[in-house]
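Student: Quick one: the structure is below, and I'll ask about it shortly.
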Number of protein chains: 2
Amino acid sequence: MLTSKAKYGLKALMHLATYEGPCLAEEIATENNIPRKFLDAILVELRNAGILTSRRGKGGGYHLGRPADKITVGQIIRILDGSLAPIACASRTAYRPCNDCPNEEACQIRDLMMDVRDSMALILDRTTISSLKGRSTRKDAKLWERARRS
Amino acid sequence: MLTSKAKYGLKALMHLATYEGPCLAEEIATENNIPRKFLDAILVELRNAGILTSRRGKGGGYHLGRPADKITVGQIIRILDGSLAPIACASRTAYRPCNDCPNEEACQIRDLMMDVRDSMALILDRTTISSLKGRSTRKDAKLWERARRS
DNA sequence: CTATAGTCTATATTTCTAGTGTACTATGGG
DNA sequence: CCCATAGTACACTAGAAATATAGACTATAG
């Protein structure tokens with residue numbers, strides 16, 4: 001599951017990748033319909049993880065800790081949501097056993113979910129904030145197609 | 001997320017696919033470490049969805065409503081968990097808009113998550129209860145490899 | 001020294017998950 | 001007809017997680 005938390009985090013990062021200098025939390029919040037205080041907590045988590053840096057006081061704000069093309073969506077989801085995998089027992093980074101499986105290594109469901117996790121990671125770990133921003137949505141694609149036909 | 005509910009449901013179906021005749025809920029529950037009453041609710045949902053049939057009274061029980069190779073994991077997750085997609089706005093079958101997106105069609109996050117959903121569906125919709133049962137786990141693969149080397 | 005803007009701690013609200021309890025209904029066999 | 005078996009319906013709850021919110025505190029520029 002992609003929670004609102006991670007979604008907000010990604011939106012904030014896209015925002016920060018768009019503007020040059022430091023951005024105010026307030027500005028990020030209002031421009032992206034994110035509850036201010038909730039965003040604060042998210043920004044702090046990202047800062048603690050080294051994704052963002054911040055400066056206090058007048059003229060302060062947040063900015064990216066490294067270039068937008070060096071931050072992947074997968075990283076952000078792992079930081080904010082804890083895991084990519086659809087089930088904890090299939091997570092590489094946030095593993096937790098199920099209590100109903102006597103022999104986890106032989107669990108076919110877990111095994112299948114590891115395949116799912118891998119295919120998710122393949123997409124999410126190669127998508128950066130930068131490429132996410134530059135991504136053309138399906139609507140764009142449809143519009144292009146229509147334009148090409150016409 | 002794959003909830004316990006869906007996991008239990010898949011286990012129950014694998015159980016039913018293994019034995020010929022109708023199985024008792026009690027038997028499925030104890031053999032798979034599933035809380036009995038919780039399983040009851042799951043089996044009823046699967047029955048209402050046409051995946052299972054049941055017979056009451058002495059000699060009764062549950063059995064598959066169609067061959068195990070005609071039931072996909074994707075179907076079961078959609079029935080029991082509601083959706084495959086990591087976020088509701090990217091779901092094909094259980095769509096729900098986010099309330100923070102003014103222009104959903106242009107949301108790059110949603111678009112990315114649709115790609116993720118598609119790649120999950122690609123795996124889950126082609127995996128049947130039958131193929132799930134027959135799946136060799138990574139442990140098996142490792143054992144084989146070791147055996148081949150030795 | 002003061003307005004600004006991030007930080008910390010605690011708390012509230014809502015929703016979902018996972019599970020339980022009780023009573024009821026249908027069926028087959030004696 | 002009765003009774004044990006086995007599924008069905010419905011109500012409910014405890015606990016966790018998601019989604020915020022409030023308020024006091026701290027650092028900094030000017």
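Every read-out reported here was derived from the displayed coordinates using simple, explicitly stated rules and does not represent laboratory data. Since this is a predicted model, take the numbers as computed values, not measurements. Don't worry about glycine lacking a Cβ; one is built from the backbone with ideal geometry, like all the others, and counts go over all protein chains shown.
Student: When the Cα centres of segment A:1-65 and segment B:60-104 are compared, how far apart do they sit, in Å?
Tutor: Their Cα centres are 32 Å away from one another.
Student: List, shortest first and in nm to one decimal, how far the label point of A:Ser54 (7 Å from Cα along Cα→Cβ) is from its counterparts in the other copies.
Tutor: 5.2
Student: I want to check the label-to-label distance for B:Thr30 and B:Arg55. Put each point 7 Å from Cα in the C-beta direction and report it in nm to one decimal.
Tutor: So the label points at B:Thr30 and B:Arg55 sit 2.2 nm apart.
Student: Averaged over A:31-40, how many beta carbons belonging to a partner chain fall within 10 Å of each residue's beta carbon?
Tutor: Average per residue, whole number: 1.
Student: Still on this structure, I have one more. Using only the Cα atoms of chain B, each taken as one equal point scatterer with no solvent, compute I(q) by the Debye sum, divide by I(0), and report log10 of the ratio at q = 0.13, 0.21 Å⁻¹.
Tutor: -0.70, -1.23
Student: Continuing with the same structure: Per 10 Å bin, what percent of the C-alpha pairs of segment B:1-49 does each bin hold, from zero upward?
Tutor: 27, 62, 11, 0
Student: Shifting gears a bit: Which whole number gives the average count of other chain Cβ atoms within 10 Å of the Cβ atoms across peptide A:104-114?
Tutor: Going residue by residue through A:104-114 and averaging, the value is 6.
Student: Can I ask one more? Debye sum, Cα scatterers, segment B:65-124, no solvent: what log₁₀ I/I(0) at q = 0.15, 0.18, 0.28, 0.31 1/Å?
Tutor: Results for segment B:65-124 at q = 0.15, 0.18, 0.28, 0.31 Å⁻¹ read -0.49, -0.64, -1.16, -1.29.
Student: Using the 7 Å Cα-to-Cβ label point, sort the distances from B:Lys70 to its equivalents in the other copies shortest first and give them in nm to one decimal.
Tutor: Spelled out, the distances from B:Lys70's label point are 5.7 nm.
Student: When the label point is put 7 Å from the Cα of A:Arg92 along its Cα-to-beta-carbon vector, which residues of segment A:41-80 have a backbone N closer than 16 Å?
Tutor: A:72-79
Student: Here is a further query. Along Cα→Cβ at 7 Å, what distances in nm separate the A:Asp40 label point from those on the other copies, shortest first?
Tutor: Values, ascending and in nm: 4.8.
Student: Rg over Rh of the protein assembly as shown, using C-alpha atoms and the Kirkwood radius, what does it come to?
Tutor: Taking Rh as the inverse mean 1/r over Cα pairs, Rg/Rh reads 1.05.
Student: May I pose another question? Helix by helix, which DSSP H runs in chain A go 15 Å or more along their axis at the Cα atoms and have an average Kyte-Doolittle hydropathy of -0.5 or more?
Tutor: A:4-18, A:36-48, A:108-124
Student: Additional query: Per DSSP H run of at least 4 residues, take -39500 (n - 2.57); add these up for chain A, divide by its residues and hand me the 222 nm value, nearest 500 deg cm²/dmol.
Tutor: So the helix-based figure for chain A works out to -16000 deg cm²/dmol.
Student: In segment B:1-61, which chymotrypsin sites (Phe, Trp or Tyr not before Pro) fall in coil by DSSP and have 14 or fewer other Cβ atoms within 10 Å?
Tutor: Counting only loop positions with at most 14 other Cβ atoms within 10 Å, the chymotrypsin sites (Phe, Trp or Tyr not before Pro) in segment B:1-61 are B:Tyr19.
Student: Another one. Take peptide A:119-131, look around each residue's Cβ out to 10 angstrom, count Cβ atoms belonging to other protein chains, and average those counts.
Tutor: 3
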